[in-house]
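In what follows, a structure is listed as structure tokens, so that the remarks can point back to it.
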Amino acid sequence: MNKVLSIKLLPTVEQSESLKKTTDLFIAVCNFLSEQAFEHQKFNKVVLHRQCYYQCREKFQNFSSQLIVRAIGVVCDSYRKRQDKQTSFSSSMAVYDARILSWTDKEASIWTVDGRLKMPIQVWNQDLFKLPKGESDLIFRNNMWFLQTTVYLPDVPKQDSSKWLGIDLGVTNLAVTSEGTVYSGENIEKARVRFAGHRKRLQKRNTPSARRKVRKVGHKESRFRKDINHQISKAIVCRAEGTSMGIALEKLTHINRRTTVRKEQRNRRLSWSFGQLRTFIEYKASEKGIPVRLVSAKNTSRGCSFCGHIAKENRKSQADFVCVKCGFSLNADWNAALNISSRAAVNQPIVCLNQ
């Protein structure tokens, strides 16, 4: 399993200027390669390397040959999904590998246009830092330099589990477990309204400064969502690990295409990333060896977790569930989480043995 480790660089003012010149030149190389790739419709790394490598060496003299190789990979990856529009690069970044970047737990030695520079680093997770590392992205964010490097985690064997912790994802309650734990979205909704109102006021001004601030507010809201999703996913995985249970989730792929909401609720529904929360739960569970099972989301909110009766009338309101057949009543999201848990228990994989 791969994971991204963020390492903060602590350069001097002169070293920071060297890093900036290096990333600017790397972006220029990427834009040149992108222009050549789009013009000749060459999107394979080997083919583009043969066609443009020596052109880059001649055009960008004294630039690292290894960074040119990494730029070719970045450009080809950018055309992997869409090849009918030329890709352009603008953000300050560069991609490094072990030939042009080395480090200890105290400092990093990194190639720049002004030569190889050594600078102190700040590492928050020493356990991850000790693991084998792959390519690293040098990025400039919030007036600070970071190396985001891929580390290779050893595979943890999946534990066998007969019990499943069902998780119902929603908007009013971001997550509810089959044990009844509720992760409320009340504070999240207040923050969403605040961010939306701030963006609306800035968009009305429609000045260059206001547009820059709109992007800044968007990034801040994105970081807020990510932090909340990390907190919820960590708590869920810790609970599953402590009780030796697997985790059961609904298949919510293309949920926004399959379901609709009223116009006044549209922004609230689309502003939260359920896919991100599910991804966080899955990779955190994988690190602990906890199995994750996806089950069908059909009628989980309308079916009775006690008798199994399915009816639209069972759902009295957003929060209330009362079965019209047996009279069983419970919080609607808790009832759905119980249904998800029970579906995971009977949703065993079919194994075909060769006779």
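The values are calculated or read from the model by the stated rules, or taken from the named source; none is laboratory data. The structure presented is a predicted model; accordingly, all values stated were derived computationally and were not measured. In this analysis, Cβ positions are derived from the backbone assuming ideal geometry, glycine residues included, and neighbour counts consider all displayed protein chains.
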Residue match in the stretch 184-207 (condition: in contact with a strand residue (DSSP E or B) (Cβ under 8 Å, 6 or more places away or on another chain) and either among the polar types (S, T, N, Q) or at pLDDT 90 or above (or both)): yes
Residue count for the stretch 168-180, restricted to those that are in contact with a helix residue (DSSP H, G or I) (Cβ under 7 Å, 6 or more places away or on another chain) and either outside the structural domain of TYR283 (by TED's automatic domain parsing) or modelled with pLDDT of 85 or more (or both): 9
Residue in the stretch 57-75 that is of a type in the set (A, V, I, L, M), under 30 Å from GLU287 (Cβ atoms) and touching a Phe, Trp or Tyr at 6+ places or on another chain (Cβ under 6 Å) present: no
Check on VAL322, under 19 Å from LEU174 (Cβ atoms) and assigned by TED's automatic domain parsing to the domain that holds GLY170: no
Checking ARG201 against (1) assigned by TED's automatic domain parsing to the domain that holds GLY246; (2) not in a loop (DSSP other than H, G, I, E, B), the condition it does not meet: (1)
Candidates LEU165, LEU138 - the one that is farther than 30 Å from VAL182 by Cβ, part of a strand (DSSP E or B) and modelled with pLDDT of 90 or more: LEU138
TYR152, sole failed condition from (1) under 27 Å from ILE281 (Cβ atoms); (2) hydroxyl-bearing (Ser, Thr, Tyr); (3) surrounded by fewer than 16 Cβ atoms within 10 Å (Cβ to Cβ); (4) in contact with a helix residue (DSSP H, G or I) (Cβ under 9 Å, 6 or more places away or on another chain): (4)
Residue identified as of a type in the set (Phe, Trp, Tyr), in a loop (DSSP other than H, G, I, E, B) and either over 16 Å from SER136 (Cα atoms) or at pLDDT 95 or above (or both) among PHE32, PHE43, PHE38: PHE43
Evaluation of SER92 against (1) modelled with pLDDT of 90 or more; (2) touching a helix residue (DSSP H, G or I) at 6+ places or on another chain (Cβ under 8 Å) (one fails), failing number: (1)
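For (1) surrounded by fewer than 15 Cβ atoms within 10 Å (Cβ to Cβ); (2) closer than 24 Å to ASN2 by Cβ; (3) small (Gly, Ala, Ser), each residue gets a yes or a no:
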| site | (1), (2), (3) |
| --- | --- |
| LYS106 | yes, no, no |
| SER109 | yes, yes, yes |
| GLY115 | yes, no, yes |
| ASN125 | yes, yes, no |
| PHE129 | no, yes, no |
| LEU147 | no, yes, no |
| SER161 | no, no, yes |
| ASP168 | no, no, no |
| GLU186 | yes, no, no |
